[in-house]
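These notes concern the structure reproduced below.
The values are calculated or read from the model by the stated rules, or taken from the named source; none is laboratory data. Everything numeric in this text was worked out from a predicted model, so none of it was measured. Cβ sites come from the backbone with ideal geometry, for glycine too, and all protein chains shown count toward neighbours. Note: areas computed on protein heavy atoms with side chains; ligands, DNA, RNA excluded. Shrake-Rupley method; radii C 1.70, N 1.55, O 1.52, S 1.80 Å.
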Amino acid sequence: MPRVNDEVAEAFQELADLLQIAGDDRFRVVAYRRVAEEIAALARDVSTLDDKELAALRGVGRATASKIREVIKTGTMAKLEEARAAVPPGIRDMTALPGLGPKTALMLYSELGVSNLSELDRAIKEQKLRTIKGLGTKTEKNLAAAIRRFKGRKERVPIDVALSVAEGLLEELNKSPIVSDSAFCGSLRRGKETIGDLDLLATGTDPAAIMSLFTSLPGIKGVAASGSTKSSIITREGLSVDLRVVAPEEFGAALQYFSGSKEHNVRVREIAVTQGYKLSEYGLFRVSDNARVAGATEEEIYGVLGLQTPPPTMRENRGEIEMALKGELPEVVQLEDIQGDLHSHTRYSDGSATVREMAITAMELGRRYLAVTDHLDAWVKSHTAHTIRQQAEEITAVNQEFGGRITVLQGVEVDIGPEGTMALPDSILDLVDLVIASIHRRFGLDVEAQTRRVVRAMSHPRVTIFGHPTGRWLGSREGAEFDLAAVFEAAAENQVAMEINSNPARLDLKDDHLRLAKEFGLRFAINTDSHNPGHLSRMRLGVGMAQRGWVTAPEVINTMPLDKLRDILAKR
Ligand code: DGT
Ligand code: CA
Ligand code: CA
Ligand code: ZN
C-alpha cells in the first residue's frame, strides 16, 4: 500500500479516537473510522485521485475530501490538531497500549481521573480498575504487562550503544577549555547490561556556558529541558541524556550520588546519619555545625565514613557495603589483568577476518594470546580434520611472524547436542588446544531435560569452557533454563570454566549467576566471541559484568600468562 495512504488513514483513525475520548458525536466518530478503513484498503495512491474519484469513495463527501487533501499536503489537518489540543497527551499515550482503546481510556479518565501512563500504573497497583464495570482483575493484569513492555521497549538501550554515546559526548565537552572535569555516572558506570538514560556530570567555572555548549552539540535530536545547571537532551539514538554542572568541591559527591544505585545510596546515607553526618549530592556535612567534611572525591566521602570505596560496578547494596565497612571488599578483576582472549571466529566459520588480521588487532589491544575457536562442526563437517590441519598451518605461520608478541591458540567452539553429546568426535577435539562447548539451539527444553543435557556436556573430558552458558540474547531471548546448581557442581568437578561472554547482547553469565558460580569454586573465562577485529575491544563489557558478579582476577583463567594457562589446557 502506498505510504501516503497509511498516513491519511492514520490521521483519520487518530481523529476518530480523539473525538471518541472527547465525547463527540458517535456517528461522526464511526464515519471517520470508516474513511480510515476505506483509504487503508485502497490499492491506488490516494494522492493521485481526482476530485470525482475521491468523492466516489464510500463515506467521503466534500468536507472529508478536503480534509484528505489537507493531510496529503501538510501531513496533518486543522481538525486533528484541534482534537489533539483538547485531549491530554497522557491519555493519547494510554491508547497506544495494546488492549486499551479510546472507550476504556475515556472511562478511566472520567471515573478515576487517570490521565497518563504513570497514573494508570498507580491505579492498577491500587486495584482500582476492577471497581469499574466491565473491567476486572484480568484487565489489570494485561494492562500492567502492556505498560511494562511499553516502557521496556521505549526506554532501555544496550550498554555498548550507551557507552559510545556517552564517550562521544564527553569527548566533545572536554574539547572545550571551559570544562575542567567530566564523567558519566548512573547505570552505565555500574556496568548494567541495558541503560535507561545517561547521567553526565561536568565541572567548570562557567556553568551557563557549559549548558549552552551541551544543548548545541552536534548529533542531538532535541533539547528536552535546559536550565542553568541541568539540561536534558535526546540523542539521535533516542537516548535521553542529563548533564549536571557542579562545583569542583561537589564533584565527588555528585559522582557518588548519581552513580547509584539508589539502593546503595540509601544504605550509605543511613551510615552517614548514624555517624552524625548528612550526605547529599552536594557533599558530606557534619550535622552539628553544618560544616562540609568531604565532597571533592568519592574516596574522601567513603573514607570519612570508614568505608572502602567500592568499584561502581559493585554498588547495588548486595552486601558490598558491609564488606567495605570491614575493609574486606574483594579485589574484582580489571581490564588490565586480562592477558588474552579465548573465544573468536575467523573466515574458517562465520567470522569476517583472517587469523592474521584478528591477531594483529588483538596484539594492538595488548593481548598476549588469542584463541581462534571456529564452529568447524556446522560449517565444514565432512572434512573437518583436514580443515583443522590447514588452519593449524596458518596459525603456525602467524605465530612465527609475530615472534611471541602474541600467540594464537587453536580451538573449536562445538555445539552441544540435545542429548548433551558433542557435535564433533573426540578424535577431532584431540587436534586442538582448547574446546568451547556451547548451546546454539533447543533453548526451550524443559528444565529437567536441559539440566541433563548440560550436566552431561560438562562431564565431557575435553571441554575446557562452557560458552555463553544460558544463551540469552538481550531484547529477544531469555536463554535456556536449567538447574544452575547442578550444572555448576558438574562443571566444578570437571574443572570446566564458565564463560563471561562480552557480546553486549549476551553478557552471559550475568552477575547473579556469577556470584552463585563462585560459591562452587568455579573459574571463569572472560571472552569477546569476536566475529571481526572490531569486536575484540568488547572485552571491557565482559570485565564489567565480571565485576558485577564480584569475580576476582585469580578466578579468571585468561588473566594468567600463557605458560600457566597451557598447564590448565593440558590437564583437560
Ligand atoms: P537507568 O537510568 O534506569 O538505567 O538507571 P540509573 O541507575 O542510571 O537510574 P537514574 O538515571 O534514574 O538515576 C541515576 C542515579 O541517581 C541513580 O543510580 C541513583 C540516583 N538516584 C536517583 N533517584 C534517587 C533517589 O530517589 N534516591 C537516591 N538516593 N538516589 C537516587
Ligand atoms: Ca540513568
Ligand atoms: Ca537519569
Ligand atoms: Zn562463538
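Please enumerate the residues belonging to the range 520-531 that are part of a loop (DSSP other than H, G, I, E, B) and of a type in the set (F, W, Y).
Passing the criteria: only F520.
Among the helices (runs of 4 or more DSSP H) contained in the range 147-255, which hold 1 or more residues that are surrounded by fewer than 17 Cβ atoms within 10 Å (Cβ to Cβ), more than 16 Å from ligand 2 (Cβ to nearest atom) and more than 24 Å from the chain's Cα centre (by Cα)?
Once the helices (runs of 4 or more DSSP H) in the range 147-255 are filtered for at least 1 residues that are surrounded by fewer than 17 Cβ atoms within 10 Å (Cβ to Cβ), more than 16 Å from ligand 2 (Cβ to nearest atom) and more than 24 Å from the chain's Cα centre (by Cα), what remains is 159-175, 207-215.
Do you know which of the residues in the range 385-426 that are aliphatic (A, V, I, L, M) and part of a strand (DSSP E or B) is nearest to ligand 2 (Cβ to nearest atom)?
Among them, the one singled out is I416.
Pick out the one residue from R367, R347 that is in the same structural domain as S537 (by TED's automatic domain parsing), of a type in the set (D, E, K, R) and open to solvent by less than 40 Å² (accessible area, probe 1.4 Å).
R367
Could you tell me which of the residues L100, L112, L49, L42 is closer than 28 Å to A144 by Cβ and open to solvent by less than 50 Å² (accessible area, probe 1.4 Å)? It would help to see each step written out before you state the result.
Numbers: L112 fails: open to solvent by less than 50 Å² (accessible area, probe 1.4 Å); L49 fails: closer than 28 Å to A144 by Cβ; L42 fails: closer than 28 Å to A144 by Cβ.
Checking each option against the conditions leaves just L100.
Cβ-Cβ distance below 6 Å, separation of 6 or more or different chains: which pairs start in the range 348-374 with a residue that is over 12 Å from I395 (Cα atoms) and touching a residue at least 40 places away in the same chain (Cβ under 8 Å) and end on one that is basic (K, R) and outside any strand (DSSP E or B)?
Filtered contacts from the range 348-374: M363/R405.
Where residues in the range 71-114 are within 20 Å of T137 (Cα to Cα) and touching a Phe, Trp or Tyr at 6+ places or on another chain (Cβ under 9 Å), which of them is modelled with the lowest pLDDT?
Looking at residues that are within 20 Å of T137 (Cα to Cα) and touching a Phe, Trp or Tyr at 6+ places or on another chain (Cβ under 9 Å), I get P98.
Hey, T297 hits all of (1) surrounded by fewer than 19 Cβ atoms within 10 Å (Cβ to Cβ); (2) touching a helix residue (DSSP H, G or I) at 6+ places or on another chain (Cβ under 8 Å); (3) assigned by TED's automatic domain parsing to the domain that holds Q410 but one; which does it fall short on?
(3)
Listed residues N503, N494; which is of a type outside the set (A, V, I, L, M, F, W, C), at pLDDT 95 or above, open to solvent by 10 Å² or more (accessible area, probe 1.4 Å) and closer than 26 Å to I395 by Cα?
Details: N494 fails: closer than 26 Å to I395 by Cα.
Criteria check complete, one pass: N503.
Within the range 125-138, which residues are crowded, with 17+ Cβ neighbours inside 10 Å and in contact (Cβ under 8 Å) with a residue 24 or more places away in the chain?
Across the range 125-138, the qualifying residue is only L135.
Being in contact with a helix residue (DSSP H, G or I) (Cβ under 7 Å, 6 or more places away or on another chain) and part of a strand (DSSP E or B): is that true of A517 here?
Answer is no for this residue.
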